[in-house]
Structures are given as structure tokens and as C-alpha cells.
Amino acid sequence: MRITWKAGLAIALVAMVVTVRAETVSKTIKWDNEKWIPVDLTAEGIEIKEIRFAVEGGIHWNPLRAGIGPQAFVQVKNASDHEMKLAVAVALFDDKGGLLAATESSNIGALDSGQAKEIKMTFRDVKRKFFEAKTAQVALETYR
């Protein structure tokens, strides 16, 4: 019985050490179209300096037309000394704080130390009031 108890304790300790550590931070910014907007959001060495909103080819009602319609372009950089994985989400709100649209990054993999990348996210189905946005909330989640 002692061996089983000790083995269980050892497995539990290993599981706690191996558990993925994640940090999520967010920031609300004033929305503007076709301009780079400062964000200055950092989590575990991953930095989002700025974001830009744009509409490519107008707003289309067909959700299968990827890459067309409202988009967010996010500049990310890994300023840490090790590889990091990340995810980004963006939500748009009207002047009363009502949600208008939201999107999130696809699996972008990991960023090596010092690596920078632009993430392009398309607002898919819920997007028809894109130009009524007054604020945006940007969320950054980092993990190893």
C-alpha cells in the first residue's frame, strides 16, 4: 500500500510540474479604421505593440470568403529569452458597450526568442456593424 501511495504522490508532483502555465492579459482601446493603434500589451515577454483594422474588398455576407471583409492585423514580438506560444482575441464594441464582432487567432505555432510576426484575423459571421465600433478589447494569452 505504501508503494501505491508513494507512486501516486510522485505522479501528482510530476503532473504539477509539467502543467502548462498560461497568462492572459487584455486591454481596451479606442477603435479606428485603417490606422495603426497603439496597444502596448505584454505577457511573459510576448508583446503586442499595435493593431490595425481594415476592410479588404468590402463587407461580404458569405462567411466562406476567407481573407475578405473586416480584419484585424496584430503585430506580435517575443522579447523573452525562450520560445513562447500565444493566442490573440479581439472583440469590437459599440458606443453603449454592446458586442458587435469578435475574432481570434488560429493556431500560429510558437515564436522563437526575438521573433516578430503579424497575425491577420478575419471577422467572419458576426461583422455587419463593423464600422459602428467605438472600442476594441484585445486579449493576449501566452503559454509554453
Task: When residues of region 51-78 are limited to those that are modelled with pLDDT of 90 or more and among the basic types (Lys, Arg), the one most open to solvent (accessible area, probe 1.4 Å) - done: LYS77
TODO: Have a look at LYS96, LYS127 and point out the one that is at pLDDT 95 or above and not in a strand (DSSP E or B).
DONE: LYS96
Open item on the list: Can you tell me which of (1) surrounded by 19 or more Cβ atoms within 10 Å (Cβ to Cβ); (2) at pLDDT below 90; (3) under 17 Å from the mean Cα position of the chain (by Cα) is the one ILE108 doesn't meet?
Closed with: (1)
Task: Residues satisfying the stated conditions in region 71-118, i.e. over 14 Å from TRP31 (Cα atoms) and of a type in the set (A, V, I, L, M) - done: VAL76, ALA79, MET84, LEU86, ALA87, VAL88, ALA89, ILE108, ALA110, LEU111, ALA116
TODO: Looking only at region 2-16, decide whether some residue is in contact with a strand residue (DSSP E or B) (Cβ under 8 Å, 6 or more places away or on another chain), at pLDDT below 95 and not polar (S, T, N, Q).
DONE: no
Task: Filtered residue count, region 105-124, keeping only those that are in contact (Cβ under 8 Å) with a residue 24 or more places away in the chain and outside any strand (DSSP E or B) - done: 8
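The values are calculated or read from the model by the stated rules, or taken from the named source; none is laboratory data. This structure is a prediction, so every number in the text was calculated from the model and none was measured. Virtual Cβ from ideal backbone geometry, glycine too; neighbours counted across all protein chains shown. These accessible areas exclude ligands, DNA and RNA; they are computed on the full protein's heavy atoms, side chains included. Shrake-Rupley method; radii C 1.70, N 1.55, O 1.52, S 1.80 Å.
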